[in-house]
1. Net charge near A49: determine it from the other residues with C-beta under 10 Å of the C-beta of A49, scoring Lys and Arg +1 and Asp and Glu -1.
2. If R₀ is 30 angstrom, what is the calculated FRET efficiency for the pair L156 and E120, using the beta carbon separation as r and rounding to 0.05?
3. What distance in nm separates the simple spin-label points at K86 and N145, each placed 7 Å from Cα in the Cβ direction?
4. Can you give the net charge of the other residues whose Cβ lies under 13 Å from the Cβ of D118, counting K and R as +1 and D and E as -1?
5. Taking all pairs of different Cα atoms in region 31-153, averaging 1/r and flipping that mean, what Kirkwood radius in angstroms comes out?
6. With the contact rule set at Cα under 8 Å and sequence spacing of 6 or more, what percent relative contact order holds for region 73-158?
7. Could you compute the net charge surrounding I106? Neighbours are other residues with a C-beta less than 15 Å from the C-beta of I106; K and R count +1, D and E count -1.
8. Aspartates and glutamates within cross-link reach of K86: Cα-Cα under 13 Å, excluding same-chain residues under 8 positions apart?
Amino acid sequence: MLIIFLIIFGGPLTSLGFISGQKSILDQPKKSPEVNVSIKSLSVKATVADTAALRKKGLSKIQSLPFDQAMLFVFENNGKYSIWMKDMKFAIDIIWLDENKRITDIATEVASESGKKDSELTIYKPVNDAKYVLEVNAGLVKLNNLQVGDKANFELSK
């Protein structure tokens, strides 16, 4: 009976990846949206992390980040959102932005803490509330002379 089932239905199932072991298109992760972000002379294409799962993953486990790319964390409300370097492989600058997209705080040259236990990780917390957090390669804040109060420009799709 099983052989007849496989002969009759094996073709369609194999083409969908169920028998062959290939991943179905349904198994593919959803690609995060990207947005262009500019602040003064800084211009990057940022991957948007707008869900708890995406924010938790962040840039962890990525080997490096091209200088024209970034990650933009989007939160539902203003708050003092902390950042840690869990499983990070490279240093970054962290830029906190308020609901008006103005820089409220900056942490520069934040070093990788890969290999440390969670309890040993440094927690980077802003002084002021923010709705967005932009992570860029270390050194870009200084290179572009970014300061608290500078306004970012980007448009999020609804």
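Computed from the coordinates by the stated procedures, all read-outs in this text should not be read as laboratory data. Worth saying up front: this structure is predicted, and the values here are computed from it rather than measured. When we count neighbours, we look across all protein chains shown, and the Cβ atoms used for this are built from the backbone with ideal geometry, even at glycine.
1. Numbers: positive: R55, K56, K57; negative: D50, E135.
Local charge sum for A49: +1.
2. For R0 = 30 Å, the calculated efficiency reads 0.30.
3. Output for this residue pair reads 3.9 nm.
4. Result for the neighbourhood of D118: +1.
5. 14.3 Å
6. On the way: 173 pairs, mean separation 34.1, N = 86.
Averaging sequence separation for qualifying contacts and normalising by length gives 40 percent for region 73-158.
7. Residues close to I106 contribute a combined charge of 0.
8. E113, D118, E120
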